[in-house]
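Right, one structure below, let's go through it.
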Amino acid sequence: MRDLETGDRELDDLANMAKESYDNLMDLGMQVDSRYASEIFNVAGTMLGHAITAKTAKLNKKLKMVDLQMKKLKLDQDAVKNSTVDQPETAHGQVLSRNDLLERLMTSRDQKDESA
């Protein structure tokens, strides 16, 4: 997977900017008149929500990647299991001269004639 670190870095940057904005707005809300402070605190809460959303998105992306990797591993393991079951058995052979082969064929033909 490519560009995963870039996405993580961007989400971290967004979360950090939202936290900094939250801190700045909280400081500002403490210094202004109380009738204006509520709106500033409301915006500060929104910024904190954005920071949490960015971190949650990052974690969800990582969990999804882990889930996909586990599914791929399971598919690979199933493919290996299925490929070993479907393989035909190999035969075992012997190297014989022409005369040995003819002798065995004649012997097996004679045994068939006697049993019939």
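The values are calculated or read from the model by the stated rules, or taken from the named source; none is laboratory data. A quick note: this is a predicted structure, and the numbers were derived from the prediction, not measured. Positions of Cβ are backbone-derived with ideal geometry, glycine not excepted, and every protein chain shown enters the neighbour counts.
Structure above, values below:
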{"item": "Looking only at segment 11-32, and only at residues there that are of a type in the set (D, E, K, R) and either at pLDDT 90 or above or surrounded by 13 or more Cβ atoms within 10 Å (Cβ to Cβ) (or both), the one that is farthest from Leu68 (Cα to Cα)", "result": "Asp27"}
{"item": "Residues located in segment 63-78, provided they are of a type outside the set (A, V, I, L, M) and either touching a residue at least 24 places away in the same chain (Cβ under 8 Å) or surrounded by fewer than 11 Cβ atoms within 10 Å (Cβ to Cβ) (or both)", "result": "Lys64, Asp67, Lys71, Lys72, Lys74, Asp76, Gln77, Asp78"}
{"item": "Answer residue from segment 33-62, given it is within 31 Å of the chain's Cα centre (by Cα) and of a type in the set (D, E, K, R) and is surrounded by the most Cβ atoms within 10 Å (Cβ to Cβ) among those", "result": "Lys58"}
{"item": "Every residue from segment 18-44 that is out of contact with any His (no Cβ under 6 Å at 6 or more places or on another chain) and either of a type in the set (Phe, Trp, Tyr) or in contact (Cβ under 8 Å) with a residue 12 or more places away in the chain (or both)", "result": "Lys19, Ser21, Tyr22, Leu25, Met26, Leu28, Gly29, Tyr36, Ile40, Phe41, Val43, Ala44"}
{"item": "Check on Asp3, at pLDDT below 85, surrounded by 13 or more Cβ atoms within 10 Å (Cβ to Cβ) and not hydroxyl-bearing (Ser, Thr, Tyr)", "result": "no"}
{"item": "Glu114, sole failed condition from (1) without any contact (Cβ under 8 Å) to a residue 60 or more places away in the chain; (2) of a type outside the set (Gly, Ala, Ser); (3) surrounded by 10 or more Cβ atoms within 10 Å (Cβ to Cβ); (4) out of contact with any Gly (no Cβ under 6 Å at 6 or more places or on another chain)", "result": "(3)"}
